[in-house]
Amino acid sequence: MNTPTPPRHVAVIMDGNGRWARARGLDRSEGHVEGVNTVRRITEAASEAGVEYLTLYTFSTENWNRPEAEVDALMHLIVFAIERETPDLIKNNVRLTMIGDTSRLPGEARRRLFKCMEDTAHCTGLTLTLALSYSSRWEIIKACRKFAEDVAEGRRKPDDMAADADFAAYLTTAEMPDPDLLIRTGGDHRISNFLLWQIAYSEIVVTDTFWPDYSKEEFFGHLADFAGRERRFGLTSDQVAASSEKK
């Protein structure tokens with residue numbers, strides 16, 4: 001399926017796995033397992049729609065504070081699911097990347113996930129990015145430190161930080177465009193420390209649907225909704241129309 005003007009980059013806050021399981025009298029882990037199936041479904045849908053980048057909020061730094069048993073189960077599930085899906089990612093020309101403080105991941109999990117990234121590095125289609133052990137505040141602080149180190153070592157001058165692009169170059173997302181569309185499932189109206197810098201002008205969609213129930217059809221509907229929105233970036237509608245006429 002193609003949308004008239006598909007967004008280049010879609011970011012998703014995948015929420016509602018635990019509530020989906022609880023509503024069915026299941027353990028929370030069952031919701032995470034079902035959520036993995038949705039990841040595959042929406043990755044396929046994004047590829048079909050012509051989206052170039054899909055970034056999924058997989059595990060936040062705050063999630064490390066969850067019960068140890070749940071964290072261990074999540075780590076195992078993430079690694080198992082990515083290894084299982086890697087052959088299909090390669091078949092569908094999908095490149096896997098990660099952003100986040102991966103140094104906190106268990107060594108074996110990190111090794112296996114990096115191997116999956118290496119195996120898909122040659123793919124040139126959709127870039128699937130997992131935000132894993134990720135926090136936007138952590139990322140911004142890390143970027144500031146990197147720039148300060150460059151200044152201290154004489155590689156940069158303080159005045160070199162003069163535009164948005166100068167700062168964005170220090171972020172973990174430096175190699176991808178900012179998200180055009182942010183989707184949050186599960187009904188909560190908050191950002192949850194996700195891509196705070198990058199979503200400054202993203203269009204936002206919130207759906208009450210829990211992530212395990214999120215379908216291709218709803219995803220395509222959100223892309224169609226995006227295509228019908230006017231993105232002004234601080235301009236007036238008249239200015240946007242005039243700019244479009246010049247193209």
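Within the stretch 164-221, the residues that satisfy the criterion of being acidic (Asp, Glu) and under 29 Å from SER29 (Cβ atoms) are ASP188, ASP208, ASP213, GLU217, GLU218.
Would you point out which residue out of GLU83, GLU34 is within 25 Å of ARG190 (Cβ to Cβ), assigned to a helix (DSSP H, G or I) and either touching an Asp or Glu at 6+ places or on another chain (Cβ under 9 Å) or not small (Gly, Ala, Ser) (or both)?
Residue meeting the stated conditions: GLU34.
For the stretch 189-215, the tally of residues that are of a type in the set (D, E, K, R), under 19 Å from ASP225 (Cβ atoms) and assigned to a loop (DSSP other than H, G, I, E, B) stands at 1. Residues in the stretch 3-18 that are crowded, with 20+ Cβ neighbours inside 10 Å and in a loop (DSSP other than H, G, I, E, B) were compared, and the one that is modelled with the lowest pLDDT is PRO6. Count of the stretch 54-70 residues, restricted to those that are under 16 Å from MET14 (Cα atoms) and either surrounded by 15 or more Cβ atoms within 10 Å (Cβ to Cβ) or in contact with a Pro (Cβ under 8 Å, 6 or more places away or on another chain) (or both), is 9. For the stretch 47-62, the tally of residues that are assigned to a helix (DSSP H, G or I) and closer than 26 Å to ASP101 by Cα stands at 2.
Per the conditions (1) within 18 Å of the chain's Cα centre (by Cα); (2) over 28 Å from THR61 (Cβ atoms); (3) of a type in the set (Gly, Ala, Ser); (4) surrounded by fewer than 13 Cβ atoms within 10 Å (Cβ to Cβ), the sole criterion not satisfied by GLY154 is (1).
ALA163 fulfils the conditions (1) at pLDDT 95 or above; (2) surrounded by fewer than 16 Cβ atoms within 10 Å (Cβ to Cβ); (3) more than 19 Å from HIS222 (Cα to Cα) except for a single criterion, (1). The residues of the stretch 105-120 that are within 21 Å of THR61 (Cβ to Cβ) and either touching a strand residue (DSSP E or B) at 6+ places or on another chain (Cβ under 7 Å) or assigned to a loop (DSSP other than H, G, I, E, B) (or both), listed by number, are LEU105, PRO106, LEU113, MET117.
Taking the stretch 186-205 as the range and being among the hydrophobic types (A, V, I, L, M, F, W, C) and crowded, with 17+ Cβ neighbours inside 10 Å as the test, the residues that pass are PHE194, LEU195, ILE199, VAL205. No other residue among ILE204, ILE183 is within 15 Å of ALA131 (Cβ to Cβ) and either out of contact with any Phe, Trp or Tyr (no Cβ under 6 Å at 6 or more places or on another chain) or in contact (Cβ under 8 Å) with a residue 60 or more places away in the chain (or both) apart from ILE183. Scanning the stretch 121-142 for any residue that is buried (at least 20 other Cβ atoms within 10 Å of the Cβ), acidic (Asp, Glu), in a helix (DSSP H, G or I) and at pLDDT 95 or above turns up at least one such residue.
Where residues in the stretch 19-31 are in contact with a helix residue (DSSP H, G or I) (Cβ under 9 Å, 6 or more places away or on another chain) and part of a loop (DSSP other than H, G, I, E, B), which of them is modelled with the lowest pLDDT? Of everything passing the filter in the stretch 19-31, ASP27 is modelled with the lowest pLDDT.
The values are calculated or read from the model by the stated rules, or taken from the named source; none is laboratory data. Bear in mind the structure is a predicted one, so any value in this text is a computation, not a measurement. Note that each Cβ is placed from the backbone with ideal geometry, even for glycine, and that neighbours are counted across all protein chains shown.
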